[in-house]
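The numbers here are math on the coordinates, done by the rules we state, and not lab data. These figures come from a predicted structure and were not determined experimentally. Here the Cβ positions follow ideal geometry from the backbone for every residue, glycine too, while neighbour counts run over all protein chains shown.
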Amino acid sequence: MEEQYHPQQIESQTQTYWEKSHSFAVKEDPKKPKFYCLSMFPYPSGYLHVGHVRNYTIGDVIARFQRMQGMNVLHPIGWDAFGLPAENAALKHQVPPSEWTYSNIAHMRNQLKSLGFCFDWDREIATCDASYYRWEQWLFIKMYEKGLVYKKDSVVNWDPVDQTVLANEQVIDGKGWRSGAKVERRSIPQWFLKITDYAEELLQSLDHMPGWPEQVRTMQRNWIGRSEGVSFSFKLDHLNGDPLTVYTTRIDTLMGVTYLAIAPQHPLVNVAVEQNPELKTFVEACRNIKVAEAELATLEKEGRATGLYAIHPITQEKLPIWVANYVLMEYGSGAVMAVPAHDQRDYEFAKKYQLPSKAVIRPDKETQPDLSENAYLGDGYLFNSGEFDNLSTRDALTKIAEYLENKSIGQRQVNYRLRDWGVSRQRYWGAPIPMIQCPSCGTVPVPEKDLPVVLPTGVTPSGASSILMQMPEFYEVNCPSCGQKARRETDTFDTFMESSWYYLRYACPDQNQKMFDERTQYWAPVDQYIGGIEHAILHLLYARFFHKVIRDFGLVKSDEPFTNLLTQGMVLKDGSKMSKSKGNTVDPQTLIESYGADTVRLFIMFAAPPEQSLEWSDTGVEGAFRFLKRFWRLCSAHINENGLLSLSFADVTLNEKQKDLRRLTHETISKVTDDLKRRYTFNTAIAAMMELTNAVAAYNIENETDKVIKQEAFEALVLMLAPMVPHISHVLWKAFGHDEAVLDAVWPTIDENALKRDQITLVVQVNGKMRANLSLPIDVTKEAAEQAALNHEAVIRHVEGKTIRKIITVGQKLINIVVG
């Protein structure tokens, strides 16, 4: 056997074997337990970064390990291929987005294959393929028919350069994340999915998802934001029309309202502007405020008096109505009751504009609340509240709600912070929304027989606005209902749509008659999902919503898409996240060419636990390479010197040295199995294997049994390393004389007899300081162990001439002799 480790040769040879043998193709097998392992699919940007490599290596290790555990493993890959970046790149390079996307896919596919990932490439999907998004369009129409889809005018973040709607997360310091242009607030027609219909189930299900990190579940709970409160109305003073409706979770502070605040987009503002034209300038300025509730905490609060007044529902007091930039039309009714004494935002606003403040809750029945620097937000007892005085805040929440309900002024209500999902995007490179607008029939879905609505490809963008709006051949259609001229929707879907159900399509990517078939029932749900913590809210929440909708259509049986979730940390270099702009990226391809894919995989798994950030280290990569070179050298030397041996321990009596190595081998199997199966602490598993490797390297062969003991350890190491470094393990497993590929080998079993110990090692302390180690029979009594400790010469020296106060024995681990 070759003594030197040549990774490029080994990896090329191994990958060729996998390719020819179709090693990773998987079929449904009801006789075997299934395991669906999935890493979040990549956007085809053109190159893999180290974050990709970490994500897919973690998934690959889990998939390979589960396969060796006897599971029928599905481990697919695809491409999240639609989106604005492709369109912008195509515009920059003057090529069609389809050409740019598929070229990148081809390049990244080769990169993934070079890393040895065990993807079932027969199931590869690209979301920009019409055979994929056809079923997304079909599902959208089914949701429309069920009442889960609607269209309405909505205030959005509008990027005037990219000419598209931006999510709140894409607005940074008031500017578009890509264009850098100042974002505007616009009201435009948008398609929405009624995710709020599933808000309560999405929330309650989180309590039954033990396989998800608590951090992620908490983030989703906060995003859904369930609250119990009261919705009620203020009549308007000297104005006809609807009263001003507000929702509050603090109805106990109702008697402390000193003004009302409405959003700049509230319909009442139009009335106020007619009477007070100076308001118009302020309202226009508010158009550029980011539509995100989270931004309000740091927002400089500004407002203007409208000149309008509302009537307090209990005291009948006239309350001024202000328009304020910290009130969002998208949350609640776009109006809030302002209680400066007991709400910090109201407090700051009132202080700035010298508005009155009225305290109505105090910590106890004697002490006045301190409002000198902040609002009083705690519980306590009501005062200045008329008939509700001296009620506790808890009782007041009930009593005042009952009062308003009895007067038919308000009602108790459960509200959610979660808002319906706007899925329209005013761009070209996305899945077309399958709807038609007819002058006579109104909104009409595209008939199922006409799906998919195919996005024109081979088109090069010429500007920022959507190509589809400039293509009469696309949008000019006849109404499917009445036959007269109509207009096809030119908006395309938010790309979160494609990533919300892709995991189910992997089960049956070749199914062209329906969205899913019985294979999806076999594989769903995903047993282990892996991806970055940055997707903890939107992607995962939308996927959970889609899964429940798809379940309600009878297409899957499970309630949740992902049974277990692992969120890996970022890859850092020089203490900061890798990025092109910082010039601190690492090219995985260069590393593969220099050290081999196995080295890259081993370093990434060893450098940090998966949920923690990984600090990139060139010396760490070199250390991983040295270990693999040494391991190869040790295995080849053993095979060349000793030949191939049969691993049989029947009728063989082992000496203590042999027992020790066998015990360490099987203790390592036990630990690595637990680390990979339950804990996902790959770094500690590798450390244990390195420790065993050192022990094997130091083990001297003196007889034939020693050869077998040593080979057992080597073979166990090859099997345990196989999920992490599959190429070198593939070749070494064959070198040890096995016909089957290591990929198909069974995970090493633990020999319980090998774990048994004849002796124990006791640490002996004198006054807490270690003075000796004792090797004693495993069945030694407590008394005999203590006497042996007292008889040890090192102990005698430290207790001589002193009084032994007591002896503390801790199991079969430690004896502490206390002297004075």
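Principal axis lengths of region 499-639 from Cα atoms, whole Å, largest first?
Ordered largest first, region 499-639 gives principal extents of 57, 46, 25 Å.
Based on other C-beta atoms within 10 Å, arrange His342, His738 from fewest to most. Display every interim value, and only then the final one.
On the way: His342 25, His738 16.
Listed from fewest to most nearby Cβ atoms, that is His738, His342.
By DSSP, what percent of the beta bridges with both residues in the chain are antiparallel, rounded to the nearest 5?
In the chain, approximately 75 percent of DSSP beta bridges are antiparallel ones.
Cross-link list Lys32/Lys557; Lys182/Lys351; Lys34/Lys557; Lys659/Lys707; Lys514/Lys548; Lys151/Lys557: which exceed 25 angstrom alpha carbon to alpha carbon?
Where the Cα-Cα span goes over 25 Å, the pairs concerned are Lys182/Lys351; Lys151/Lys557.
Using alpha carbons only, how many angstrom separate the centre of region 427-483 from the centre of region 485-532?
Going from one Cα centre to the other spans 21 Å.
Provide Lys235, Lys31 in ascending order of the number of other Cβ atoms located within 10 Å of each residue's Cβ, fewest first.
Lys31, Lys235
Rounded to the nearest 20 Debye, what is the dipole magnitude of region 661-761 about its Cα centre when Lys and Arg each give +1 and Asp and Glu each give -1 at the C-beta? Walk me through the numbers before you get to the answer.
Working: 11 positive and 15 negative charges, 71 e Å.
Dipole size: approximately 340 debye.
Just tell me which lysines come within less than 18 Å, Cα to Cα, of Lys629; anything on the same chain fewer than 8 places away is out.
Partners found: Lys734.
With an 8 Å cut-off on Cα pairs and a minimum separation of 6 or more residues, tell me the relative contact order of region 641-793 in percent.
About 20 percent, as a whole number.
When only Cα pairs under 8 Å and 6 or more residues apart are kept, what is the percent relative contact order across the chain?
Values: 1431 pairs, mean separation 121.7, N = 820.
Computed value for the chain: 15 percent relative contact order.
Once the cut-off is 15 Å, how many percent of the Cα-Cα pairs in region 423-484 end up in the long-distance tail?
The answer is 55 percent, as a whole percent.
Starting from the eigenvalues of the Cα gyration tensor, five times each then square-rooted, give me the equivalent ellipsoid semi-axes of region 131-230, largest first, whole Å.
For region 131-230, the semi-axes come out at 28, 22, 16 Å.
What's the angle, to the nearest 10 degrees (0 to 90), between helix 214-224's Cα axis and the longest principal axis of the chain?
10
Among Gln163, Phe388, Ser576, which residue has its Cα positioned farthest towards the positive end of the charge dipole of the chain, with +1 placed on the Cβ of Lys and Arg, -1 on the Cβ of Asp and Glu, and the dipole taken about the Cα centre?
Farthest along the dipole direction, towards plus: Phe388.
Between their Cα atoms, which of Lys113/Lys573; Lys194/Lys677; Lys175/Lys485 are more than 29 Å away from each other?
On the way: Lys113/Lys573 25 Å; Lys194/Lys677 38 Å; Lys175/Lys485 40 Å.
Exceeds cut-off: Lys194/Lys677; Lys175/Lys485.
On a full-extension model of 0.36 nm per residue, what is the gain between Ala697 and Lys514, subtracting their alpha-carbon distance, rounded to one decimal in nm? Mind dumping the intermediate values first?
Values: separation 183, 0.36 × 183 = 65.88 nm, distance 5.79 nm.
Taking 0.36 nm per residue and subtracting the Cα distance, the gain is 60.1 nm.
Can you compute the label reach from Ser558? Point 7 Å from Cα along the Cβ direction, backbone N cut-off under 18 Å, restricted to region 33-52.
Within reach of a label on Ser558: 33-41.
Just rank Ile808, Ile105, Ile728, Ile400, fewest to most, by other beta-carbon atoms within 10 angstrom.
Ascending number of Cβ neighbours within 10 Å: Ile808, Ile105, Ile400, Ile728.
Please name which of Ala106, Val149, Gly116 has its Cα lying farthest along the dipole of region 105-161 towards the positive end, using unit charges on Cβ (Lys, Arg +1; Asp, Glu -1) and the Cα centre as origin.
Comparing the listed Cα positions along the dipole, Val149 ranks first.
Mind jotting down the distance between the C-alpha centroids of region 772-803 and region 260-282, whole Å?
Cα centroid of region 260-282 versus Cα centroid of region 772-803: 89 Å apart.
Suppose every Lys and Arg Cβ carries +1 and every Asp and Glu Cβ carries -1, with no other charges. What dipole size does the chain come out with about its Cα centre, to the nearest 20 debye? Could the numbers behind the result be given before it?
Working: 89 positive and 102 negative charges, 116 e Å.
Computed charge dipole of the chain: roughly 560 debye.
What are the extents of the Cα atoms of region 663-744 along their three principal axes, listed from largest to smallest and rounded to whole Å?
39, 27, 15
Enter the Cα centre distance for the pair region 225-257 and region 361-415, rounded to the nearest angstrom.
Comparing the Cα centres of region 225-257 and region 361-415, I get a distance of 14 Å.
Averaging over all projection directions, find the projected area of the Cα convex hull of region 20-157 and quote it in nm² with one decimal place.
The Cα convex hull of region 20-157, projected and averaged over all directions, gives 12.3 nm².
What distance in nm separates the simple spin-label points at His238 and Lys280, each placed 7 Å from Cα in the Cβ direction?
A separation of 2.3 nm, rounded to one decimal place.
Taking R0 as 51 Å, what FRET efficiency do you get between Asp370 and Asp197 from their Cβ-Cβ distance, rounded to the nearest 0.05?
Values: r = 44 Å, r/R0 = 0.86.
Step by step, r from the Cβ atoms, then E = 0.70.
Taking just the C-alpha trace of region 713-820, give me its Rg and Dmax in Å.
Over region 713-820's Cα set, Rg and Dmax evaluate to 23.0, 68 Å.
As an exercise, use a Förster radius of 45 Å and the Cβ-Cβ distance of Ile750 and Ser613 to find the FRET efficiency, rounded to the nearest 0.05.
Details: r = 33 Å, r/R0 = 0.74.
Given R0 = 45 Å and the Cβ-Cβ separation, E is 0.85.
Check Asn157: other-chain or 5+ apart residues with amide H under 5 Å from its amide H, H built from backbone geometry?
Leu166
Aspartates and glutamates within cross-link reach of Lys806: Cα-Cα under 14 Å, excluding same-chain residues under 8 positions apart?
Cα-Cα hits under 14 Å: Glu783, Glu786.
For region 742-812, which trypsin sites (Lys or Arg not before Pro) are in a loop by DSSP, counting at most 15 other Cβ atoms within 10 Å? Intermediate values should be presented prior to the final figure.
Values: sites: Lys756, Arg757, Lys769, Arg771, Lys782, Arg797, Lys802, Arg805, Lys806; in loops: Lys756, Arg757, Lys802.
Sites meeting the loop and neighbour criteria: Lys756, Arg757, Lys802.
Among Tyr595, Ile361, Gln69, whose Cα lies farthest out toward the positive end of the dipole of the chain, if unit charges sit on the beta carbon of Lys, Arg (+1) and Asp, Glu (-1)?
Result: Ile361.
Taking every pair of Cα atoms in the chain, average 1/r, invert it to obtain the Kirkwood radius, and report Rg/Rh to two decimals. The partial results should precede the final answer.
Working: Rg = 34.2 Å, Rh = 31.9 Å.
Checking Rg against Rh, the ratio lands at 1.07.
Rounded to the nearest 10 degrees, what's the angle between the helix 726-735 long axis and the longest principal axis of the chain, both from Cα atoms, 0 to 90?
Here the helix axis deviates by roughly 20 degrees.
Please state the relative contact order of region 685-737 as a whole percent: Cα pairs under 8 Å, 6+ residues apart?
For region 685-737, the relative contact order is 31 percent.
Considering all projection directions equally, how large on average is the shadow of the alpha-carbon convex hull of region 627-709, in square nanometres?
In nm², the orientation-averaged hull projection of region 627-709 is 6.1.
If R0 is 56 Å, what FRET efficiency do you get for Lys182 and Lys32 from their C-beta distance, rounded to 0.05? Could you put the intermediate results ahead of the total?
Values: r = 57 Å, r/R0 = 1.03.
Rounded to the nearest 0.05, the efficiency is 0.45.
What number, rounded to the nearest 500 deg cm²/dmol, is the helix-based mean residue ellipticity at 222 nm of the chain, given -39500 (n - 2.57) per DSSP H run of at least four residues and division by all its residues?
-11000 deg cm²/dmol
So if each residue of separation counts as 0.36 nm, and I subtract the Cα-Cα distance between Asn222 and Glu667, what length gain in nm does that give?
On the way: separation 445, 0.36 × 445 = 160.20 nm, distance 4.33 nm.
Answer, rounded to one decimal: 155.9 nm.
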